[in-house]
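Here you go, one structure.
Since every read-out is calculated from the coordinates, none of them should be taken as a lab result. As the structure is a computational prediction, the values presented were derived from the model and not from experiment. Every residue, glycine as well, gets a Cβ built from its backbone with ideal geometry; the counts of neighbours run over all protein chains shown.
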Amino acid sequence: MRTLIVNGAECEPYLTSDYRLMLEKSDEIIKGALLLGRILEVEDICIAVEDNKPGAVELLLAKVSGPLRVKKLKSFYPQGGEKQLIKSVLGREVPRGKLPFEAGAVVQNVATVFAAYEAVFLGKPLYERVVTVTGDCLSNPANLLVRTGTPISALISFCGPLKEEPHRIIIGGPMMGITQAGTDVPVTKTTSGVLVLGKKSGRILEESACIRCGRCVRVCSTGLLPCMLGAAAERGMLEEAKRHGLTDCLECGACTYVCPANRRLVQYIKRAKAEAAR
Ligand code: SF4
Ligand code: SF4
């Protein structure tokens, strides 16, 4: 193992919880990164941050030394995907079907590195995290430090009052997040954001047949054929989906976003992955 990459890219639109953490807890993140670097016995520790977070880049650059370095990355989606990040930081491709360590790298999110610092230096278990609570329905969007187990309804009312009735509530970002059926859902250690979207931004478009335009193929940073993979996944043809790279899909949602037929490609892929894992 040669490099530990600390992922501060946070490329999903709306989400700013990692940015806030880097601004407020930079010393702790650096100590956590050095700790993990020592455990992994790496020669190089790189904190990778997108250039749309200039405050974090400047702050970290002023503090790092020794085996630590900061890399400013171009902002685009999905820059924060594990394999994409390795390519941007190290210029190495992780081959299909292989894991990041086979390319000499381990990627850990800044929130994970911060949690490692708190666990080891403070003896504090992971029972709280920073969550971005935002969306056009909320009058007072904010990044909140919340305990796991808190229902998202409490976060929404804290950031209210509501400007309009929510049309769609998503846990996570708009690209990789999961639409919720209600607000009686707890915050977990992986809850990076709660999006409360109104009629305009949260509308779900009607799906139609694939028109073979190829847009999904052009945006897939993993080099897959999302139209073929999605079609196999939708039909439950798991072996066919695996042949099209089911396990290599990052679930970034870029294919679904650009599809003019509103094909729910990433949803089918996620479901097929879950079925394949049973
Ligand atoms: S979600 Fe779509 S665009 Fe993203 S990696 Fe998977 S197939 Fe490719
Ligand atoms: S973007 Fe949508 S319509 Fe175009 S090829 Fe992909 S799945 Fe088909």
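From the square roots a ≥ b ≥ c of the eigenvalues of the alpha-carbon gyration tensor of the range 1-133, which class results: rounded (a/c under 1.5), prolate (a/b over b/c), or oblate? Spell out each step's value before the answer.
Details: a/c = 1.44, a/b = 1.14, b/c = 1.26.
Rounded shape, in that the Cα axes give a/c under 1.5.
What FRET efficiency comes out for S221 versus L122 if R0 is 22 angstrom and r is the Cβ-Cβ distance? Round to the nearest 0.05.
Given R0 = 22 Å and the Cβ-Cβ separation, E is 0.05.
Still on this structure, I have one more. Compute the separation of the alpha-carbon centres of the range 134-186 and the range 1-74 and state it in Å as a whole number.
First find each Cα centre; the distance between them is then 27 Å.
Also: For the chain, just say rounded, prolate or oblate: build the C-alpha gyration tensor, square-root its eigenvalues into a ≥ b ≥ c, call rounded for a/c under 1.5, and beyond that prolate if a/b exceeds b/c, oblate if not.
Oblate shape, in that a/c is at least 1.5 and b/c is the bigger or equal ratio.
Where both residues lie in the chain, what percent of DSSP beta bridges are antiparallel, nearest 5?
Here the share of antiparallel DSSP bridges comes out near 40 percent.
So, one more: Do any trypsin sites (Lys or Arg not before Pro) in the range 5-77 lie in a loop, going by DSSP, with at most 16 other beta-carbon atoms within 10 Å of their beta carbon, and if so which?
Details: sites: R20, K25, K31, R38, K63, R69, K71, K72, K74; in loops: K25, K74.
Those that pass, being in a loop and sparsely packed, are K74.
Using the charge dipole of the chain (Lys, Arg: +1 at Cβ; Asp, Glu: -1 at Cβ; taken about the Cα centre), state which of G97, T188, G202 has its Cα farthest towards the positive end.
G97
I want the local charge near R212. Using Cβ-Cβ distances under 15 Å, sum +1 for each Lys or Arg and -1 for each Asp or Glu among the other residues.
Charge balance near R212 sits at +3.
Which aspartates and glutamates does K199 reach when only Cα atoms under 20 Å apart count, and residues fewer than 8 places away in its own chain are ignored?
In chain and number order, the partners are D136, E164, E165, E207.
Another question, if that's okay. Could you derive backbone 3J(HN,Hα) for the range 195-208 from the dihedral phi with the Karplus parameters 6.51, -1.76 and 1.60 (θ = phi - 60°), listing whole Hz in sequence and x where the residue is Gly or Pro?
9, 10, 9, x, 4, 6, 7, x, 5, 9, 7, 6, 8, 9
Residues of the range 227-268 with amide nitrogen under 20 Å from the 7 Å Cα-to-Cβ point of F76?
227, 249-260
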